[in-house]
Amino acid sequence: ILDDVDTLSQFWDLTSRTLLNIYGSERVDMGGDSEMRAFYSSLLQRTGQLTEDYGSGSVSMMVLVNDKPVVNEDTVGEVVSDTASDDSYTLDDFSNVVYYSNKTRTRIELLVKKGIPVTDDVCEKLGIPAPKSDADARAAMLTTMHVDQLISLADGHILLSPDLVKEGQDPPLDPAHSLTRIGVGTANKKGIATTAAMRTVASRLRLELAAVQDLKFSSNATAAAGPLRRARAWKSALYQTSGAPRPLGEQVFILQCVSEGLLDEAVEALWTADGGKGAVAAQPLLKELVDHVRTSAPGVMEEVTTSKQLSVANAGTLKEAAESFLATASK
């Protein structure tokens, strides 16, 4: 898991400046997408190869991403120059060869020759930091370039959301915008990142969570109520305290309850009670549910953990046990 690009970014900057100092900007073009992509491609090829003693194959790398750049509060609003945002820039303003590659400067030169004003808005459309933008805005855009290249090359990425932190979600990962490419494009089933049991119960998870995002701006409260309840049930099922991960069988069972709609009403009542405590409020109920199933259907969740499969018979047993508990708990 790669959760910090600062060191890599510093190494990139040091490499860029060293090459530029030695060979000059006419012979070295650093800062472009293709150069940065080659840099990280070479890095990822060296993440590791396992020997036969450890199962062979390569080490998979996932990028842990914050969906909102972290800025330095002490420098927010610090403007490098007092030039108004609608003023146009000249080619000389893009002379910083670390921030702007030769390809970028060539594009800027063409715009200038055509008489097209190069403003902050144009820079934003080109995906480059404006020369006289806020210091933090420029740094955030450059960091984003590094993260984008890593995401495109890595085996997947996990998106962390500050909004989910505020909701009390733990861990605050956003499944709707996270993904894995492990096993994609290969016939090797061992490369698939998820188990058969997990795929059985979580096939609609990302889609249903993403649908709720679209309903945030809906004026039809009745239409949004059902998907919102389901989303809260999914989030409650994904909640795990740090250092205490659920066994696979337990995860599969809880996700099965959500996918079949068994937890929608119970979780909704807990989410909205006492001022609304989010997913954490549903955890006592889920614990009691799991404990009940361990007693009423002993060994079933353990079998799922061991086999990594959810048979039709075991799915039926788990559902029946869950329904009997929830029927009593709702009274």
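The values are calculated or read from the model by the stated rules, or taken from the named source; none is laboratory data. Note that the structure is predicted; figures quoted are calculated from it, not measured. Cβ: placed from backbone, ideal geometry, glycine included. Neighbour counts: every protein chain shown. Accessible surface is based on the protein model in full, side chains and every heavy atom, while ligands, DNA and RNA are left aside. Shrake-Rupley method; radii C 1.70, N 1.55, O 1.52, S 1.80 Å.
Exactly one residue out of Val252, Val300 is farther than 22 Å from Leu205 by Cα, open to solvent by less than 20 Å² (accessible area, probe 1.4 Å) and of a type outside the set (D, E, K, R): that is Val300. All of Glu250, Glu302, Glu323 fail the test of being under 27 Å from Asp174 (Cβ atoms) and of a type in the set (D, E, K, R), apart from Glu250. Whether a residue is among the charged types (D, E, K, R) and surrounded by 20 or more Cβ atoms within 10 Å (Cβ to Cβ) was assessed, and Arg294 does not pass this test. Quick check, is Glu288 among the charged types (D, E, K, R), open to solvent by 90 Å² or more (accessible area, probe 1.4 Å) and within 23 Å of Arg232 (Cβ to Cβ)? Yes; evaluated as a whole, the condition is true for this residue.
Taking the listed residues Ala224, Ala231, the one that is open to solvent by less than 30 Å² (accessible area, probe 1.4 Å) and either at pLDDT 95 or above or in contact with a Lys or Arg (Cβ under 9 Å, 6 or more places away or on another chain) (or both) is Ala224, with no other qualifying. Against the test of being touching a residue at least 40 places away in the same chain (Cβ under 8 Å) and among the small types (Gly, Ala, Ser), the options Ala315, Ala273, Ala297 yield a single qualifying residue, Ala315.
Would you call Ala244 open to solvent by less than 60 Å² (accessible area, probe 1.4 Å), closer than 28 Å to Leu179 by Cβ, touching a Gly at 6+ places or on another chain (Cβ under 8 Å) and of a type in the set (A, V, I, L, M, F, W, C)? Here the answer is no, as Ala244 does not meet what is asked. Can you find a residue that is modelled with pLDDT of 80 or more, polar (S, T, N, Q) and in contact with a Phe, Trp or Tyr (Cβ under 7 Å, 6 or more places away or on another chain) anywhere in the stretch 152-169? Checking the stretch 152-169: at least one residue is modelled with pLDDT of 80 or more, polar (S, T, N, Q) and in contact with a Phe, Trp or Tyr (Cβ under 7 Å, 6 or more places away or on another chain).
Pairs linking a residue in the stretch 125-140 that is part of a loop (DSSP other than H, G, I, E, B) to a residue that is charged (D, E, K, R) and modelled with pLDDT of 60 or more, with Cβ atoms under 6 Å and 6 or more positions apart or on different chains, are Pro129/Arg138; Ala130/Asp120; Pro131/Asp93.
Scanning the stretch 276-288 for residues that are touching a residue at least 60 places away in the same chain (Cβ under 8 Å) and either among the small types (Gly, Ala, Ser) or in a helix (DSSP H, G or I) (or both) turns up Gly278, Ala279, Val280. When the residues of the stretch 94-113 are filtered to those that are under 13 Å from Pro131 (Cα atoms) and at pLDDT below 75, the one that is surrounded by the fewest Cβ atoms within 10 Å (Cβ to Cβ) is Asn96.
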